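One structure is given here, and the rest of the page talks about it.
Please treat every number below as a calculation from the coordinates, not as lab data. Predicted model only: the values in this text are computed from it and were never measured. Counting neighbours? That spans all protein chains shown, and the Cβs are built from the backbone with ideal geometry, glycine included.
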Amino acid sequence: MLLSVRQAKAIDKKARELFGVSTLVLMENAGRAVAEELMRMPFREGKVAVFCGKGNNGGDGFVAARHLLLRGIKPDIFLAADIREVKNEARANLNIILKLKQKIREVRQDNLRLVKVKAIRYSLIVDALLGIGLSGQVSGMLGDLVGIINMSKAKKLAVDIPSGLDADNGRVLGCCIKADTTVTFVAKKRGMVKGAGPKYCGRIVVKDLGIPL
């Protein structure tokens, strides 16, 4: 089965309204599934980075980072936004990270050079920047960050879909993370098998979120 963006959002809505499964629970299940897949990948301890956006995809990344911590792995956590911009369920999971006394490194245009220096040191990078709802072009600071991540020799795991890939048609929206593995949820998205999708998704792993289709 292949899902469109509309269908994927409808499943999330059904989970909330029909089954009473909150977005917070869905985010927890997604992030934990990502962490489980990460633990199967080879990497050097202390050389993992999780790059998060300000939305729900970033929230999945915060959850994944927390579950790595519980497994004895301390990732560097980057936020491609001002910390004050993170809201709702993503904010709740960010707050847990902060209460665990973990540092959040805000990525800005003026510190991209430092991020670039750090990026070459990682053996594994998690892309939780942008989700399936992306429609505009990835440019500016985010575009520069995608380029930095792609230049790193680290293995890259994308959460739900590589940031910058249109989940419906597989078009690259300006620029896109080139993942080695993509962990997606419930079912593959149409854009993963169309256009540039196969090139940028790498190996696709489908994880359930504890809800029926």
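Does the range 130-208 come out rounded, prolate or oblate by the C-alpha gyration tensor, with a ≥ b ≥ c the root eigenvalues, rounded set by a/c under 1.5 and, if not, prolate when a/b is larger than b/c and oblate if not? Since a/c reaches 1.5 but b/c is at least a/b, the shape of the range 130-208 is classed as oblate. Dipole of the chain computed with +1 at Lys/Arg Cβ and -1 at Asp/Glu Cβ about the Cα centre; of Asn169, Ala158, Leu24, farthest Cα towards the positive end is Ala158. Between Asp82, Asp60, Asp180, which gets the highest mean-square fluctuation from a Gaussian network model of the chain, Cα cutoff 10 Å? Of Asp82, Asp60, Asp180, the most mobile in the Gaussian network model is Asp82. Taking the Cα centre of the chain as reference, the dipole from Cβ charges on Lys and Arg (+1) and Asp and Glu (-1) amounts to some 420 debye. The helix-based estimate of mean residue ellipticity at 222 nm for the chain, built from -39,500 (n - 2.57) per DSSP H run of four or more residues and divided by its residue count, is -11500 deg cm²/dmol to the nearest 500. If both residues of a DSSP beta bridge must be in the range 2-207, then about 5% of such bridges are antiparallel.
Separation of the range 151-213 from the range 31-90 is 17 Å, based on Cα centroids. Given a Förster distance of 35 Å, report the FRET efficiency between Asn88 and Leu114 from their Cβ-Cβ distance, rounded to the nearest 0.05. The computed FRET efficiency comes out at 0.75. Taking amide H as placed 1.01 Å from N in the peptide plane, the amide H of Val50 sits under 5 Å from that of Asp76, Ile77, Phe78, Val126, each at least 5 places away or on another chain. In sequence order, the range 99-105 has phi-based couplings of 5, 7, 6, 9, 7, 9, 9 Hz under the Karplus curve 6.51 cos²θ - 1.76 cosθ + 1.60, θ = phi - 60°, and Gly or Pro positions carry x.
Descending by average beta-carbon neighbour count within 10 Å, the peptides 87-97, 154-164 line up as 154-164, 87-97, the highest first. For the chain, the Kirkwood estimate of the hydrodynamic radius, built from every pair of different alpha carbons, is 16.8 Å.
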